[in-house]
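> Below is one structure. I have some questions about it.
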Amino acid sequence: MSAEPQSRALADLPSAWSREDEIRRRVAGRPVALFLDYDGTLTPIVADHAKALLDPQVREIVARLAARCPVTIVSGRGLARLREVMALDAIFLAGSHGFEIAGAEGSGLALEKGSEFLGRLDAAEGRLREGLAGIEGHAVERKKYSIAVHYRNVVPSEVNRIEGLLETVLDEEPGLHLGHGKKVFELRPGIDWHKGEAVRWILARLADTRPGIVPVYLGDDITDEDAFRALAGHGVCIAVRHDETRPTAADYTLADTEDVRRFLEWLDDVLAGAREGD
């Protein structure tokens, strides 16, 4: 395993478009495994997370790519919700930050981690729903292996109250871990498992029939950094910037979800051989 990469600011990374030839050389003619985050990567971030629905054109591009290489959606969303919004049988799904994994139809691959924490998550969910009832604009989203508290529409003065309740719940339910995303807090099992470990698990099984496989990962969230670090030195890692300046372990950047759509179109052409040797 390569040494963990040093992080660089998103603004200091080259655009994937400026290194188009380099990326083509890394993937053309080799087996590829494509990993995609959902919110902020395939779909724009919206005020109501329930309304972040996949554009039919993007779904069609993902379906074309899935006919050329294994495609996995790696998301904080629960597995059931991912199945619903993606509506594609030929892709792999890693929900709840990788705690729930389901292979493409017919693959027989499946994994769940952290089942011993389900009782604690149930108790934490009830405590949070009760304690947050008076705070306007919040949303508690229960997934099988995590609880997300969205605060994008909460006034800033109330966010500290949410954090205080979360800390209390952590004291009451030891063994849970508090994570952070874009305007969201998330409780999940406090074990060494995350998007990076999920990607490693999937790659290990794909490599049995695809020696020399090249992982390509696109993501915009801080939770995607676990995957970028896991793939350091042997993957193509692309961060979706959205004008952020945070540190990242990615190799390249794309600007936004529209840039992602264009890149996926380009990658489909490369894998189809249409642009090799241009």
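> So how do 67-76, 104-113 stack up, highest first, on mean other-Cβ count within 10 Å?
Sorting 67-76, 104-113 by mean packing, highest first, produces 67-76, 104-113.
> Evaluate E = 1/(1 + (r/R0)^6) for Asp89 and Glu158, where r is the Cβ-Cβ distance and R0 equals 41 Å; express this FRET efficiency to the nearest 0.05.
Values: r = 42 Å, r/R0 = 1.02.
For R0 = 41 Å, the calculated efficiency reads 0.45.
> Follow-up. If we sort 264-273, 196-205 on the protection proxy, mean other Cβ atoms within 10 Å, highest first, what's the order?
So the order, starting with the most tightly packed, is 196-205, 264-273.
> For segment 115-189, what class follows from the C-alpha gyration tensor (a ≥ b ≥ c being the square roots of its eigenvalues): rounded when a/c is under 1.5, otherwise prolate if a/b is larger than b/c, else oblate?
prolate
> Using packing as a proxy for protection, rank 241-253, 29-41 so that the peptide with the highest average count of other Cβ atoms within 10 Å comes first.
Averaged packing, sorted descending, gives the order 29-41, 241-253.
> Can you give me the angle between helix 156-172 and the longest principal axis of the chain, using Cα atoms only, in degrees from 0 to 90, rounded to the nearest 10?
The angle comes out near 80 degrees.
> Charges on Cβ only, +1 for Lys and Arg, -1 for Asp and Glu, centred on the Cα centroid of the chain; of Phe35, Ala133, Ile213, which one is farthest towards the dipole's positive end?
Checked the options; the winner is Ile213.
> Taking 0.36 nm per residue of sequence separation and subtracting the Cα-Cα distance, how much length would be gained by fully extending the chain between Val140 and Ala80, in nm to one decimal?
19.9 nm
> Ala47 versus Ala63, label points 7 Å from Cα toward the beta carbon: distance in nm?
Result for the modelled spin labels: 3.2 nm.
> Shape call for segment 106-145 from the C-alpha gyration tensor, a ≥ b ≥ c root eigenvalues: rounded (a/c under 1.5), prolate (a/b greater than b/c) or oblate?
It comes out oblate by the Cα gyration axes.
> Moving on to the next point. Assuming a ≥ b ≥ c are the square roots of the Cα gyration tensor eigenvalues, decide whether segment 78-150 counts as rounded (a/c under 1.5), prolate (otherwise, with a/b larger than b/c) or oblate. Before the final figure, lay out each step's value.
Working: a/c = 4.40, a/b = 1.86, b/c = 2.36.
Oblate.
> If you don't mind, there's one more thing I want to ask. Multiply the residue gap between Ala123 and Asp208 by 0.36 nm, knock off their C-alpha separation, and tell me the result in nm, one decimal place. Write out the running numbers ahead of the final one.
Working: separation 85, 0.36 × 85 = 30.60 nm, distance 4.04 nm.
The span from Ala123 to Asp208 would gain 26.6 nm if fully extended.
> Just grab the label-to-label distance for Glu172 and Glu20, each label 7 Å out from Cα along the Cβ direction, in nm (one decimal).
5.5
Coordinate-derived values only; no laboratory data. Computed from a predicted structure; not experimentally measured. Cβ: placed from backbone, ideal geometry, glycine included. Neighbour counts: every protein chain shown.
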